[in-house]
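The values are calculated or read from the model by the stated rules, or taken from the named source; none is laboratory data. Only a predicted model underlies this, so the values are computations on that prediction, with no experimental measurement involved. Please note: Cβ atoms are built from the backbone with ideal geometry, for glycine as well, and neighbour counts cover all protein chains shown. Heavy atoms of the whole protein, side chains included, go into the accessibility calculation; ligands, DNA and RNA do not. Shrake-Rupley method; radii C 1.70, N 1.55, O 1.52, S 1.80 Å.
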Amino acid sequence: MSVKKEASGRHSVQVEVEVPGTPEEVWQAIATGPGISSWFVPTEFEERDGKPVAVTLNFGPGMESRSVVTAWDPPRTFAAEAPGWVPGSPTIADQWSVEARGGGICVVRVVHSLFASTDDWDNQLEGTESGWPAFFRILRIYLTHFRGQRSAMMQWIAPAPGTVAEAWETLTGALGLNAVSVGQRWSAPTGVPSLSGVVEHVSQSPCSALLRLDKPGPGTAALGAVSFGGQSMVTLSFYLYGNEAAETVARETPLWEAWVQERFPTPAETSKSE
């Protein structure tokens, strides 16, 4: 991965993925609120006179990102601009495109760019670039198996003791995932809320796994362990699909909430129990 630098001062990174579907079907997945919410984060488009003018991504409480739509040409491309990552940083421009390749395959491409006279922001671009492959794997599963279906999401990020590798070992051990391989059918052990499916991806660096679920309903589970602010964290994201997705999320959320709090209590909860 590398940042492309131009004489004009434009710095950019590009990421792309091949996915199944017609351009119109893929466009629905990458350029609508329900579509993006089905594989990334909860998303809403603002419209004026029937045309999108802004898009808001919700990464969690107090972590919303709003971009102004600057170009809109369905089902081929759209672009948006957002304020920089911190006060004083350059504006970030995002361009999404869909390119038909034949055989029922399209290429989804995203380019992030900014203008700067120094390389001070290149690490931010590289960090953004490195995050997309994991989400694009979820997009590919969605378009392959659940294209056009309704979706609902539940997600947790919790602190874990030790290193990232140790946090990952704790999470995968608790879920019975510490010795699985791609293509293997798997079910969580007793004591874990209903969870089973097929392993689609697993990695030790970065620490991550992607499961195509049949329980608690059709969907995808993305699991991981990361370092955030010097603290090891485990992440659990569940994307459920179909007409019963919202009902399933409502039913399962308190079960997973209790499980996460028991296995990965916050420091305050730990001190209360001692």
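Given the residues GLN14, GLN28, which is the only one that is farther than 25 Å from LEU125 by Cβ and outside any loop (DSSP other than H, G, I, E, B)? Give the steps one after another, and end with the answer.
On the way: GLN14 fails: farther than 25 Å from LEU125 by Cβ.
So the residue among GLN14, GLN28 that is farther than 25 Å from LEU125 by Cβ and outside any loop (DSSP other than H, G, I, E, B) is GLN28.
Among the residues of the range 25-49, count how many are open to solvent by 40 Å² or more (accessible area, probe 1.4 Å) and under 17 Å from ALA79 (Cα atoms). Please lay out each step first, then the result.
Quick first cut of the range 25-49, residues open to solvent by 40 Å² or more (accessible area, probe 1.4 Å) only: 25, 28, 34, 42, 44-49.
Cutting the leftovers down to under 17 Å from ALA79 (Cα atoms) gives us 28, 44-48.
Final tally of qualifying residues: 6.
Are there any strands (runs of 3 or more DSSP E) wholly within the range 169-272 with 1 or more residues that are more than 19 Å from the chain's Cα centre (by Cα) and over 26 Å from GLY131 (Cα atoms), and if so which?
On the way: elements: 185-187, 196-204, 207-215, 219-228, 231-241.
In the range 169-272, 185-187, 207-215 are the strands (runs of 3 or more DSSP E) which contain 1 or more residues that are more than 19 Å from the chain's Cα centre (by Cα) and over 26 Å from GLY131 (Cα atoms).
Please indicate, with yes or no, whether at least one residue in the range 147-168 is touching a residue at least 60 places away in the same chain (Cβ under 8 Å), aromatic (Phe, Trp, Tyr), more than 20 Å from TRP256 (Cβ to Cβ) and assigned to a helix (DSSP H, G or I). Walk me through how you get there before you give the answer.
Taking the range 147-168 first, the residues touching a residue at least 60 places away in the same chain (Cβ under 8 Å) are 147-168.
Still in the running and aromatic (Phe, Trp, Tyr): 156, 168.
Retained after the next criterion (residues that are more than 20 Å from TRP256 (Cβ to Cβ)): none.
The answer is no, given that none of the residues of the range 147-168 is touching a residue at least 60 places away in the same chain (Cβ under 8 Å), aromatic (Phe, Trp, Tyr), more than 20 Å from TRP256 (Cβ to Cβ) and assigned to a helix (DSSP H, G or I).
Yes or no: the range 41-63 includes at least one residue that is aromatic (Phe, Trp, Tyr), at pLDDT 95 or above and at negative phi. Quick ask: steps written out before the conclusion?
So in the range 41-63, the residues aromatic (Phe, Trp, Tyr) come out as 45, 59.
If we keep only those that are at pLDDT 95 or above as well, we get 45.
Narrowing further to those that are at negative phi: 45.
Checking the range 41-63: at least one residue is aromatic (Phe, Trp, Tyr), at pLDDT 95 or above and at negative phi.
Over 18 Å from TRP259 (Cα atoms), exposed (fewer than 14 other Cβ atoms within 10 Å of the Cβ) and in contact (Cβ under 8 Å) with a residue 40 or more places away in the chain: which single residue out of THR144, THR220 fits that description?
On the way: THR220 fails: exposed (fewer than 14 other Cβ atoms within 10 Å of the Cβ).
Sole residue among the options that is over 18 Å from TRP259 (Cα atoms), exposed (fewer than 14 other Cβ atoms within 10 Å of the Cβ) and in contact (Cβ under 8 Å) with a residue 40 or more places away in the chain: THR144.
Restricting the search to the range 95-124, which residues are touching a residue at least 40 places away in the same chain (Cβ under 8 Å), of a type outside the set (D, E, K, R), closer than 23 Å to GLY84 by Cβ and open to solvent by 30 Å² or more (accessible area, probe 1.4 Å)?
Listed by number, the residues that qualify are PHE115, SER117, TRP121.
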